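The values are calculated or read from the model by the stated rules, or taken from the named source; none is laboratory data. Remember, predicted model here, so these are calculated numbers, not experimental data. Positions of Cβ are generated from backbone atoms using ideal geometry, with glycine treated the same way; all protein chains shown enter the neighbour counts.
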Amino acid sequence: METKILQPNDKNYAYCANLLRNGQVVAIPTETVYGLGANALDENGVKKIYQAKGRPSDNPLIVHVADFEMIEKLAFVNDRAKIVMQNFMPGAVTMVLKKKDIVPSCVTGGLDTVGIRMPANEVALRLIKESGVPVCAPSANTSTRPSPTKATHVLFDLDGKIDAILDGGECSLGVESTIIDLSTEKTRLLRAGGMPIEVLEEKLGEIEVVSSSSIALCPGMKYKHYSPKAPVFLFLPSKNQVEKVIKAYDEHKGRAVIFALEKNKEKYGERTVYCVGKNDKDYAHNLFDLLRKADKNEFDLILCEGIDDSGYGLGVMNRLIKASAGNIIQ
Ligand code: TXA
Ligand code: MG
């Protein structure tokens with residue numbers, strides 16, 4: 001099958017909406033990362049997602065909606081969910097709620113809950129509206145690879161495996177949504193991401209953080225995720241972080257690249273540096289693209305500056321910890 005990159009125009013919205021209604025998969029842009037979408041109410045379509053991605057089928061999918069009515073059809077909306085809907089949707093937050101029977105268990109990996117998100121992206125919202133169905137979508141990368149933030153990233157991973165990629169340009173945030181569990185008595189953070197928890201807590205009250213990015217050594221963190229081909233080493237924030245990065249770079253015999261904040265770039269002199277931007281938000285925006293770029297340019301070691309856990313930093317550190325698969329330097 002030929003995978004087409006399609007520009008968002010009337011004809012292509014209609015074409016992609018039709019693919020979704022007919023149980024096919026389409027890659028769609030969102031403000032976080034590209035998703036690999038299918039009609040969440042069509043088991044055949046959902047199965048195609050798992051096949052294309054090479055993803056274990058017990059890992060549940062997030063269902064994307066374009067309006068609140070769709071949410072009511074899929075899940076039991078409690079008071080905290082209403083607060084999230086009123087204040088943060090559309091946006092980079094996914095809420096986990098008790099599901100209604102209409103949601104097939106292949107979407108939720110057999111769980112009695114469902115993850116729901118309304119993306120803040122015009123292309124995604126129009127496609128979902130036009131298709132008339134809720135769209136379940138994991139990130140549109142091959143499992144274990146960095147999530148895609150450009151249509152070309154999706155094509156690189158999934159060329160020949162899906163019909164179409166709707167090209168919405170570069171994702172504005174560049175890191176996946178923050179996932180919160182609202183199905184339990186206490187609100188719990190399941191994944192840090194594109195919506196800082198401090199922002200959510202202003203309206204929702206305290207959110208329980210079960211695994212903070214600083215608990216780097218918990219077992220689940222060892223699994224390969226967000227991985228480029230080259231090993232990633234993460235240098236936690238410390239007084240002599242830059243010196244430690246330099247030492248590792250200089251001791252390495254092959255081709256290393258440093259992911260550094262703009263303020264530190266000069267300190268590395270002639271060494272190869274990819275600048276991740278000025279702050280935590282820039283880092284979140286650039287991280288996946290730079291991991292892929294490092295692969296393309298065949299570096300064999302990636303040395304990343306870690307940052308503080310606040311704001312977007314928590315999501316960034318969570319990805320870096322996973323990408324580093326335990327190669328963490330204090
Ligand atoms: O920003 C995003 O969230 C992107 C875009 C495409 O929306 N999607 C995304 O999907 O990152 P994915 O499949 O790569 O990650 C979704 C995560 C998985 O780790 C999955 O286990 C978790 O959400 N998840 C989904 N439904 C859940 C549920 N009912 N309970 C707990 N975790 C759930
Ligand atoms: Mg993913």
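Of G194, G132, all but one fail to be within 11 Å of ligand 1 (Cβ to nearest atom), touching a helix residue (DSSP H, G or I) at 6+ places or on another chain (Cβ under 9 Å) and at pLDDT 95 or above; the exception is G194. Residues in segment 128-162 that are part of a loop (DSSP other than H, G, I, E, B), within 12 Å of ligand 2 (Cβ to nearest atom) and not polar (S, T, N, Q): P138, A140, R145, P146, P148. Can you tell me which residue in segment 164-181 is nearest to ligand 2 (Cβ to nearest atom), limited to those that are part of a loop (DSSP other than H, G, I, E, B) and buried (at least 19 other Cβ atoms within 10 Å of the Cβ)? Here the residue is E176.
Comparison of M118, M89 shows that the only residue that is touching a residue at least 24 places away in the same chain (Cβ under 8 Å), of a type in the set (A, V, I, L, M, F, W, C), in contact with a Pro (Cβ under 6 Å, 6 or more places away or on another chain) and more than 8 Å from ligand 1 (Cβ to nearest atom) is M118.
Of the helices (runs of 4 or more DSSP H) lying entirely inside segment 1-82, those carrying at least 2 residues that are charged (D, E, K, R) and surrounded by 15 or more Cβ atoms within 10 Å (Cβ to Cβ) are 43-53.
When A164, A75 are screened for being more than 11 Å from ligand 1 (Cβ to nearest atom) and not basic (K, R), only A164 passes.
Evaluation of A52 against the conditions (1) closer than 18 Å to I180 by Cβ; (2) within 16 Å of ligand 2 (Cβ to nearest atom) shows that the sole unmet condition is (1).
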